[in-house]
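Chemist: Submitted below is the structure of interest, expressed as structure tokens.
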């Protein structure tokens, strides 16, 4: 995952895309081990901690984002990681959150590499919660921050984790950081109990 492009804006940007918190609370036990992948400055990690989750870890490829998060939320375990070589054992997490992360990874090949690493650290039958900006047809563009981004179709986002079982998904209204109207694809997908099924399906 690219980190350098976010270093210059890390202290100023305020992310606003929401996860499906109500569904997450109803589906994931408060004692679950949760990974906030691409956590930025820890906004979602802090939100989950305030909701009673006792084991939430955030990782992000931007040193500046992590530094900001450690200052804002000093009690949170926020770690720097490029996302392609996570510092965790296999099958370490019960759930992984990906919020506005794939939007920032325009390369489909790199998305696949990131997904493979998430699959490695996720327990069999573990849940991935995706919350990403989407559009009917996938499109690449340069954001108002001057950074390359991709709004994907719901199908393209589902295909990142081909072989996972969809527990629930929906497209809801959202707004970008610049205040423009947009759509968000939110999904809860479950890894097969036999991880080899994912590799076969992919």
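Chemist: Looking at the structure I just gave you, is residue 106 part of a helix (DSSP H, G or I) and touching a strand residue (DSSP E or B) at 6+ places or on another chain (Cβ under 6 Å)? Walk me through how you get there before you give the answer.
Modeler: On the way: part of a helix (DSSP H, G or I): no; touching a strand residue (DSSP E or B) at 6+ places or on another chain (Cβ under 6 Å): yes.
No, not satisfied.
Chemist: Scan 67, 47 and give me the residue that is in contact with a helix residue (DSSP H, G or I) (Cβ under 8 Å, 6 or more places away or on another chain) and without any contact (Cβ under 8 Å) to a residue 60 or more places away in the chain.
Modeler: Values: 67 fails: in contact with a helix residue (DSSP H, G or I) (Cβ under 8 Å, 6 or more places away or on another chain).
Checking each option against the conditions leaves just 47.
Chemist: Does residue 97 qualify as being farther than 19 Å from residue 49 by Cβ, at pLDDT 95 or above, in contact with a strand residue (DSSP E or B) (Cβ under 7 Å, 6 or more places away or on another chain) and crowded, with 20+ Cβ neighbours inside 10 Å? Before the answer, list the steps.
Modeler: Values: farther than 19 Å from residue 49 by Cβ: no; at pLDDT 95 or above: yes; in contact with a strand residue (DSSP E or B) (Cβ under 7 Å, 6 or more places away or on another chain): yes; crowded, with 20+ Cβ neighbours inside 10 Å: yes.
Answer is no for this residue.
Chemist: Under 6 Å between Cβ atoms, at least 6 apart or on separate chains: pull out the pairs that start in region 126-152 with a residue that is at positive phi and at pLDDT 95 or above and end on any residue that is outside any loop (DSSP other than H, G, I, E, B) and crowded, with 16+ Cβ neighbours inside 10 Å.
Modeler: Going by the 6 Å Cβ cut-off, there are no qualifying pairs.
Chemist: Among the helices (runs of 4 or more DSSP H) lying completely within region 1-88, list those that include at least 2 residues that are touching a strand residue (DSSP E or B) at 6+ places or on another chain (Cβ under 8 Å) and either surrounded by fewer than 16 Cβ atoms within 10 Å (Cβ to Cβ) or on the phi < 0 side of the Ramachandran plot (or both). First the steps, then the outcome.
Modeler: Numbers: elements: 4-7, 21-27, 43-50, 63-72.
Per the criteria, 21-27, 43-50, 63-72.
The values are calculated or read from the model by the stated rules, or taken from the named source; none is laboratory data. All values derive from a computational prediction rather than experimental measurement. When we count neighbours, we look across all protein chains shown, and the Cβ atoms used for this are built from the backbone with ideal geometry, even at glycine.
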